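Structure record follows, encoded as structure tokens.
The values are calculated or read from the model by the stated rules, or taken from the named source; none is laboratory data. For clarity, every value in this text was computed on a predicted model and none was experimentally measured. Heads up, the Cβs are rebuilt from the backbone with ideal geometry, glycines too, and the neighbour counts pull from every protein chain shown. Heavy atoms of the whole protein, side chains included, go into the accessibility calculation; ligands, DNA and RNA do not. Shrake-Rupley method; radii C 1.70, N 1.55, O 1.52, S 1.80 Å.
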Amino acid sequence: MTLERNRRKSRVGKVISNGMDKTAVVVIDRLVKHAQYKRYVRRRKKYAVHDQENQCQVGDKVRFMETRPLSKSKRWRLVEIIEKAK
């Protein structure tokens, strides 16, 4: 059991929405080189993250980890707020 918990995926991203109750939308931006044109293209992925205490604010940098399905779209939960928004 503990080995399985230690292998859970963890991500760091930026909060872009916190309008829902106990849920924040976190985005991860990355640059990927285009296969044909060799230019860098910005790719983004959005995650619905469970925020039990509603402590996330828009612009916060957060760490979140994989968990059991909590709803139709939530499979991640908040671990910590790394940096508060200015």
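Pairs are defined by a Cβ separation below 9 Å, a sequence spacing of at least 6 or placement on different chains, a first member in region 63-86 that is free of Cβ contacts under 8 Å to residues at least 40 places away in the same chain and under 10 Å from S10 (Cα atoms), and a second member that is among the charged types (D, E, K, R) and open to solvent by less than 40 Å² (accessible area, probe 1.4 Å); the pairs so defined are R77/D51. Would you confirm, using the coordinates I've provided, whether R43 is under 15 Å from the mean Cα position of the chain (by Cα), more than 13 Å from R11 (Cα to Cα), part of a strand (DSSP E or B) and among the charged types (D, E, K, R)? Yes. For region 50-86, a tally of residues being at pLDDT 95 or above, of a type in the set (D, E, K, R) and outside any strand (DSSP E or B) returns 6. Taken over region 35-52, the criterion of being of a type outside the set (F, W, Y), out of contact with any Leu (no Cβ under 8 Å at 6 or more places or on another chain) and within 17 Å of I16 (Cα to Cα) is satisfied by R44, K45, K46, A48.
Within region 25-40, take every residue that is open to solvent by less than 100 Å² (accessible area, probe 1.4 Å) and in a loop (DSSP other than H, G, I, E, B) and give me the one that is nearest to V12 (Cα to Cα).
Quick first cut of region 25-40, residues open to solvent by less than 100 Å² (accessible area, probe 1.4 Å) only: 25-29, 32, 34-35.
Keeping just the survivors that are in a loop (DSSP other than H, G, I, E, B) gives 34-35.
On the way: H34: 24, A35: 26 Å.
Among those residues, the one meeting the criterion is H34.
To keep it simple, each residue is scored yes or no on (1) basic (K, R); (2) open to solvent by 80 Å² or more (accessible area, probe 1.4 Å).
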site	(1), (2)
R43	yes, yes
Q52	no, yes
Q57	no, yes
D60	no, no
K72	yes, yes
A85	no, no
